[in-house]
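A.B. asks: Here you go, one structure.
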């Protein structure tokens, strides 16, 4: 339990965000070489936990949802956390508790599951899945900040840019599987055409592939804000001077991929290093 | 951290009066073999079965087959449930029904290869993407594709990623152009065509690029030097946009690998 999570995802409990979580899991499953059955179990159970947060944690209000994914030696652990009312209290159903078949589904598909109310509020669902044949990934050291993502407060809290999605991911192998999926999903939500989504995938590939040498710390941090046909992507924290190299990296001699495929790109100083800020727009007629 | 495992939520069918009715039905079926009682229970719990099949077998095809498998799980649970223990039926039935569906998927090879449904969907998404592009003169959005194909947006997003994965779909096969004419690659440019050499190269990159086939170099040039969209590139060289996307991703990946190796 000492090791840091491979993925930390912070988003609001909007229903459409469950798809972002599922895409993260599909990416992790792909990276670990899980078979379709294992991947389906993982997706189904974690979706139940997330749907619970969507429907019951905040009594119809918007609130934060945190998902952490750990690649273990012989399994995958996923922790879904909210800051809403606990599972024990509340008014629905007799005897309190959250209704539905979510919990039995989670219990049936996991090696181990627990439903707890941490002292500082909310609910934490911990799930562990047996994946005996998973490919090992590089262990991840270092601590992960209180919330995921580069800069800003965590999405879904106090209504501050509630639509944003923040992500931290390590190591590079998982970043390469997860980043394109997350960015494609958000681009799809922002009504990008498939043509432009393909560009977004190329950018995500570059960022993930070049992250290892550029990031300040163990995890690649990313924060994405959406507007119609527009994505704003913040990458960081990066080592000083690395934003520029990420920006101009990539096609190695071609016009730099990131610069060519984005509509605005800027390196901004942050704390000890810097962040790379990208804007991707779909300008089709 | 107080554990609340003792406070599991009440599940479907355990409400006061329904619970009593169910208990009677279970007694009539399990003790007396009364088929009308079983039928009543099946009717009562079919929504649970449907809901589980939808959740676990999301977008598996054909859905009706899976529903039948899940129903079989319900029948088994009806036989084995012990009402005297006081647990709600649903919490007993869920693992039984899921177990039945998992076995079905395992038997259909899900544990060893990519489910056929997913491959077929990827292919259909590609075809629909081309059709809609041709009709509207621009690439469709994921929502448009999902609506057109009656798929979840998730299926479409998976398909866009999967283009990379399914070599078996013969994504390299020549595609007919909008005018219906099929253009094989060899007809549009030669393998040794030097006209498409890329500008802005330094020595090491030139060496690296030489490892890429002419077609890939051409696509890279069109996208990054001429700044054509992927749809425009697709139209010019007789590929689908998704093929262009895949070739671009692969080429850039190769360039990265080669650059690092050198």
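A.B. asks: For the range A:99-143, count the residues as N, evaluate 2.2 N^0.38 Å, and divide the Cα radius of gyration by that value, please.
C.D. replies: Rg over 2.2 N^0.38 Å, computed on Cα atoms: 1.53.
A.B. asks: How crowded by other chains is A:104-115, given as the mean number of beta carbons from other chains within 10 Å of each beta carbon?
C.D. replies: 5
A.B. asks: Sticking with this one: For the range B:14-107, what number results from the quotient of the Cα radius of gyration and 2.2 N^0.38 Å?
C.D. replies: Working it through for the range B:14-107, the quotient is 1.09.
A.B. asks: Given the C-alpha atoms of the range B:69-117, compute the convex hull and give its volume per residue in Å³.
C.D. replies: That works out to 73 Å³ per residue.
A.B. asks: Once you average over the residues of B:216-229, how many Cβ atoms of partner chains fall within 10 Å of each Cβ?
C.D. replies: 3
A.B. asks: If you take the C-alpha gyration tensor of the range A:170-285, multiply each eigenvalue by 5 and take the square root, what semi-axes do you get, largest first, in whole Å?
C.D. replies: After diagonalising the Cα gyration tensor, the semi-axes are 22, 14, 14 Å.
A.B. asks: Further question: Can you sort A:261, A:11 from fewest to most other Cβ atoms within 10 Å of each residue's own Cβ?
C.D. replies: Listed from fewest to most nearby Cβ atoms, that is A:261, A:11.
A.B. asks: Here is a follow-up. If each of residue A:137 and residue B:61 carries a label point 7 Å out from its Cα toward its Cβ, how far apart are those two points in nm?
C.D. replies: For residue A:137 paired with residue B:61, the spin-label model returns 3.1 nm.
A.B. asks: Mind sorting B:236, A:81 by how few other Cβ atoms lie within 10 Å of their own Cβ, fewest first?
C.D. replies: B:236, A:81
A.B. asks: So, one more: Principal axes first, then extents: for the Cα atoms of the range A:168-229, list largest minus smallest coordinate on each axis, whole Å, largest first.
C.D. replies: 33, 19, 15
A.B. asks: Where does each of B:136, A:239 land when they are ranked from fewest to most other beta-carbon atoms within 10 angstrom?
C.D. replies: B:136, A:239
A.B. asks: Please state the relative contact order of the range B:14-107 as a whole percent: Cα pairs under 8 Å, 6+ residues apart?
C.D. replies: It rounds to 27 percent for the range B:14-107.
A.B. asks: Right, here's the next one. What Rg and what Dmax come out for the range A:1-137 when only alpha-carbon atoms are used, in angstroms?
C.D. replies: Considering the range A:1-137 through its Cα atoms, Rg and Dmax are 14.4, 45 Å.
A.B. asks: To the nearest 0.05, what FRET efficiency results for residue B:87 and residue B:43 with a Förster distance of 30 Å applied to their C-beta separation?
C.D. replies: With R0 = 30 Å, the Cβ-Cβ based efficiency is 0.90.
Since every read-out is calculated from the coordinates, none of them should be taken as a lab result. Because the structure is a prediction, the values reported are computed rather than measured. All Cβ positions, even for glycine, are placed from backbone atoms using ideal geometry, and neighbour counts span all protein chains on display.
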